[in-house]
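Student: Handing you a structure now.
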Amino acid sequence: MGKEILILDHYPAESPMYDELGLNGPEYIQYARHRLRRFSDRLLGGDVSITFMRPSEVSPEVLQRELDQQYTLVIGSGSPWNINRADIQENPWIEEEMKMLQTFFHKKQGKYFGTCFGHQIWHAANGGQVEPAAAYHHGPSTLTELSSGKSCSVHRSHGHHVIKPAPDSIVTSIGSGKDTGQKIIYGTVFPNAFTTQAHPEADVFGRQIPDEYISHIREHLFSAAHS
């Protein structure tokens with residue numbers, strides 16, 4: 001039987017933010033979706049069927065109906081938006097999604113994986129705190145697992161980060177980049193979720209992240225100890 005994945009696509013179809021970041025919007029969206037498909041295949045071992053849905057373009061009722069389905073995994077993508085008062089006021093769907101993710105977590109409706117914005121919105125929804133970073137973080141970063149001390153290079157691109165993790169989470173890794181040297185929370189695990197500030201779907205120095213880190217995510221999401 002195939003694995004069904006719902007990806008909450010937080011990249012808008014059109015936005016002046018793409019121009020501000022020097023990106024070609026349509027090309028970047030296709031590239032981001034390609035990376036997420038490839039990551040999903042690696043994480044779940046192939047035979048994956050993916051549904052993309054933009055929370056910014058559907059009603060809360062439609063989004064809730066999708067979250068109520070028995071997906072193998074729900075993935076929250078990155079985004080040019082941030083978890084801050086201005087973006088939430090301009091985009092009411094962010095607060096609606098936060099409410100649904102809170103319900104998703106407490107009712108244990110399924111498994112969730114969040115990357116970057118998907119990491120931040122999950123923590124904000126479940127009692128954590130997100131604040132602007134001291135500087136914009138972009139490019140390669142070193143992620144270090146706290147349990148093993150092992151490190152690997154990952155990509156990150158964010159101006160906000162989680163400074164206070166949600167109460168039900170355990171911090172599993174920290175990260176830092178050469179541009180700022182600031183240590184931040186990079187990986188967290190919940191009873192039914194794994195979130196990371198990094199972009200494990202992205203290449204670093206032309207290479208995909210190690211299989212070992214993919215296995216680390218898979219173990220926390222699907223092992224009996226974390227179910």
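Student: Please work out if residue 93 is part of a helix (DSSP H, G or I), aromatic (Phe, Trp, Tyr) and either closer than 24 Å to residue 29 by Cβ or over 17 Å from the mean Cα position of the chain (by Cα) (or both).
Tutor: So residue 93 fits the description; yes.
Student: Restricting to the stretch 7-57, count the residues that are part of a loop (DSSP other than H, G, I, E, B) and touching a helix residue (DSSP H, G or I) at 6+ places or on another chain (Cβ under 8 Å).
Tutor: Number satisfying all stated conditions: 8.
Student: Of all residues in the stretch 52-95, count the ones that are touching a Ser or Thr at 6+ places or on another chain (Cβ under 6 Å) and among the β-branched types (Val, Ile, Thr).
Tutor: 0
Student: Sticking with this structure for a sec: Looking only at residues in the stretch 133-157 that are of a type outside the set (Ser, Thr, Tyr) and at pLDDT below 85, which one is nearest to residue 220 (Cα to Cα)?
Tutor: Per the stated criteria, the residue is 140.
Student: For residues in the stretch 1-52 being at pLDDT 95 or above and of a type in the set (Gly, Ala, Ser), which is farthest from the chain's Cα centre (by Cα)?
Tutor: Among those that are at pLDDT 95 or above and of a type in the set (Gly, Ala, Ser), it is 49.
Student: Next question, about the same structure. With without any contact (Cβ under 8 Å) to a residue 60 or more places away in the chain, more than 25 Å from residue 20 (Cα to Cα) and among the aromatic types (Phe, Trp, Tyr) as the only criterion, which of 136, 186 stands out?
Tutor: None of the others qualify; the one that does is 186.
Student: Same structure again: What number goes with the only condition from (1) free of Cβ contacts under 8 Å to residues at least 40 places away in the same chain; (2) assigned to a strand (DSSP E or B); (3) not β-branched (Val, Ile, Thr) that residue 4 does not pass?
Tutor: Against the list (1) free of Cβ contacts under 8 Å to residues at least 40 places away in the same chain; (2) assigned to a strand (DSSP E or B); (3) not β-branched (Val, Ile, Thr), residue 4 comes up short only on (1).
Student: Can you pull out the residues in the stretch 80-117 that are crowded, with 23+ Cβ neighbours inside 10 Å and on the phi < 0 side of the Ramachandran plot?
Tutor: 81, 83, 94, 97, 101, 104, 112, 113, 114, 115, 117
Student: Are any residues in the stretch 149-172 among the basic types (Lys, Arg), over 14 Å from the mean Cα position of the chain (by Cα) and not in a loop (DSSP other than H, G, I, E, B), and if so, which ones?
Tutor: Once the filter is applied, which keeps residues that are among the basic types (Lys, Arg), over 14 Å from the mean Cα position of the chain (by Cα) and not in a loop (DSSP other than H, G, I, E, B), the stretch 149-172 yields only 164.
The values are calculated or read from the model by the stated rules, or taken from the named source; none is laboratory data. Keep in mind that this is a model prediction, so the values were computed, not measured. Note that we place each Cβ from the backbone using ideal geometry, even for glycine, and neighbour counts take in every protein chain shown.
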